[in-house]
Each structure stands twice: as structure tokens, then as C-alpha cells.
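The values are calculated or read from the model by the stated rules, or taken from the named source; none is laboratory data. Just so it is clear, the model here is predicted, and its values are computed rather than measured. Cβ placement follows ideal geometry from the backbone for every residue including glycine, while neighbour counts extend to all protein chains displayed.
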Amino acid sequence: MAILAPALEPARQPTHPTVGGEALDPVRAWLARELHDGAVQRLTAMVVELEGLKRHGAQVSDLENLQASARGAVGDLRQLLYELRGEPRLVSGFAETLRLHLSEFAAATGIDADLIVHSWPEHIQAHQAANLGRIVGEALTNVRRHSAASRVTVTLQLVNAHLAVTVCDNGRGMHSGGGGFGVRGMRERASLLGGRLTLDGRPGSGTTVRCVLPLGESR
């Protein structure tokens, strides 16, 4: 299981979530993060949107958004199954996929969402793309739920052989030590990729989430 291998290396293994005071094993912890940050987030958003449609009625555009969300959830589960098979590969189109996701996010939330790409490799490793996508997705979930922001900007950059992804909003600001399972999951993902995640927030000045990780064998 090549893609899971980093999660099984003790030297890079973070503290795992616990259930009933007992630590989850690395694979179960990985599955918990994947399900929480992927299909569960999308399906939860769909439930919220459906509740709104029950009250106000549905337009064609609303149904199209729900269809896109459902397809995204299916895609998340397919990606999870692919990773469980442990078939490493290089993937392309990360920036384009992220741009589409931000467009859907803006349409669903009313929050302006921009993507800035300073430089980015054409191909990156599949597990890098999957985990960076989850980190951005969780950061956007926090923006939607907690920030009261009107704008969020995601920046992709290649800096000194490192991939850098930044999510910055203009909301109320989250304390650097704040966040629950989602923030902990983001930090664990960055650590498993050999990188580091920082969260900088000040009251009234928005929040910036930044993940930096080695380029590795991307090209």
C-alpha cells in the first residue's frame, strides 16, 4: 500500500485520534480523515442545501449544484478506494480542479473565492494532490462555517522545491490554537507528507492557513 506507507512510518507519524481513550491505528486514523474531509463534508453541505430548498423551492441551478456535489462525493469515495489499492501515480490538473471547486464554493456560499497560481508543476504525486485538496477543502469549510468572511483567496506556489498552498480569508479570524478535529486533521496530513501546516489568525483580521511540503518526485 504505497500511498499509505508514509502513515506507517513511526518517524513521521503524528499523534493519532482516540476513541474511548484508545489511540486509533494509523490506517483507521487515515480513513477517518479521508471520510471526514471528503464525502462527509460534501454530503453534509447537500443536506443543508436540501433543507433550504424544502423551505424556498428549487430552481434548475439549485439542482445542478446538488448534482455537482453528489458527483464530487462519488469522486471522493472513488479516490479513497484508489488510494486503498495503493497504486502510486502522478496526476495533472490540480490547479484546474481547484479552480472549479472554488467556483462551486462561491456559488453555494455567496463568498467570493479566487485562485492565484504563481507557479505550479504540471504533475504532482496523486497522494499529494489528494491530501492538499483535503486541506484546502477543510480550510474552506471553516471559512464557510466560522469566519463570516466575504472573500477567500487560495494561492498555489512552487518555492525552493516545495509546494506551498495558502488559504486566506477576510473574516473574523481564528486563533492559531483553535479548531477541532478538522484542523488537527489538516496538520496530520501536512506532517504525513513531510511538510508543515501553520494557522495564523487575528480577531477582525481574517485567517491564513498555509501548507508547505517537499516537491518530491513531482514534475
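Here Ile135, Ile116 are screened, and the one residue that is closer than 23 Å to Gly201 by Cβ, in contact with a helix residue (DSSP H, G or I) (Cβ under 6 Å, 6 or more places away or on another chain), modelled with pLDDT of 90 or more and among the hydrophobic types (A, V, I, L, M, F, W, C) is Ile135.
So that you can scan it fast, the table gives a plain yes or no per residue for (1) in contact with a helix residue (DSSP H, G or I) (Cβ under 7 Å, 6 or more places away or on another chain); (2) surrounded by fewer than 17 Cβ atoms within 10 Å (Cβ to Cβ); (3) assigned by TED's automatic domain parsing to the domain that holds Gly216:
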{"residue": "Val60", "(1), (2), (3)": "no, yes, no"}
{"residue": "Gly72", "(1), (2), (3)": "yes, no, no"}
{"residue": "Leu102", "(1), (2), (3)": "no, no, yes"}
{"residue": "His127", "(1), (2), (3)": "yes, no, yes"}
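Considering region 143-152, and only residues there that are modelled with pLDDT under 90 and not hydroxyl-bearing (Ser, Thr, Tyr), the residue that is farthest from Arg89 (Cα to Cα) turns out to be His146. Just so you know, in region 150-172 the residues that are hydrophobic (A, V, I, L, M, F, W, C) and more than 19 Å from the chain's Cα centre (by Cα) include one that is nearest to Gly110 (Cα to Cα), and it is Val159.
Does region 76-94 contain any residue that is within 23 Å of Gly182 (Cα to Cα), among the hydrophobic types (A, V, I, L, M, F, W, C) and not in a helix (DSSP H, G or I)? Write out each step before concluding.
Filtering region 76-94 down to residues within 23 Å of Gly182 (Cα to Cα) leaves 76-84, 94.
Subset that is among the hydrophobic types (A, V, I, L, M, F, W, C): 77, 80-81, 84, 94.
Among the residues that remain, those that are also not in a helix (DSSP H, G or I) are: none.
Scanning region 76-94 turns up no residue that is within 23 Å of Gly182 (Cα to Cα), among the hydrophobic types (A, V, I, L, M, F, W, C) and not in a helix (DSSP H, G or I).
Quick check: anything in region 160-182 buried (at least 23 other Cβ atoms within 10 Å of the Cβ), among the hydrophobic types (A, V, I, L, M, F, W, C), outside any strand (DSSP E or B) and not assigned by TED's automatic domain parsing to the domain that holds His36? Within region 160-182 (the criterion being buried (at least 23 other Cβ atoms within 10 Å of the Cβ), among the hydrophobic types (A, V, I, L, M, F, W, C), outside any strand (DSSP E or B) and not assigned by TED's automatic domain parsing to the domain that holds His36), the answer is yes, since at least one residue qualifies. May I ask you to verify whether Gln13 is modelled with pLDDT under 75, under 16 Å from the mean Cα position of the chain (by Cα) and not assigned by TED's automatic domain parsing to the domain that holds Gly110? So Gln13 fails the test.
For region 202-217, how many residues are of a type in the set (Ser, Thr, Tyr) and touching a residue at least 60 places away in the same chain (Cβ under 8 Å)?
Let us first name the residues in region 202-217 that are of a type in the set (Ser, Thr, Tyr), namely 205, 207-208.
Okay, now just the ones that are also touching a residue at least 60 places away in the same chain (Cβ under 8 Å), so 207.
Qualifying residue count, region 202-217: 1.
Against the numbered list (1) under 22 Å from Arg42 (Cβ atoms); (2) surrounded by fewer than 22 Cβ atoms within 10 Å (Cβ to Cβ); (3) touching a helix residue (DSSP H, G or I) at 6+ places or on another chain (Cβ under 9 Å), Arg145 comes up short only at (3).
For region 44-64, the criterion of a residue being more than 15 Å from the chain's Cα centre (by Cα), within 21 Å of Gly216 (Cβ to Cβ) and of a type in the set (Val, Ile, Thr) is satisfied by no position. Number of residues in region 121-146 that are more than 15 Å from Thr166 (Cβ to Cβ) and part of a helix (DSSP H, G or I): the value is 11.
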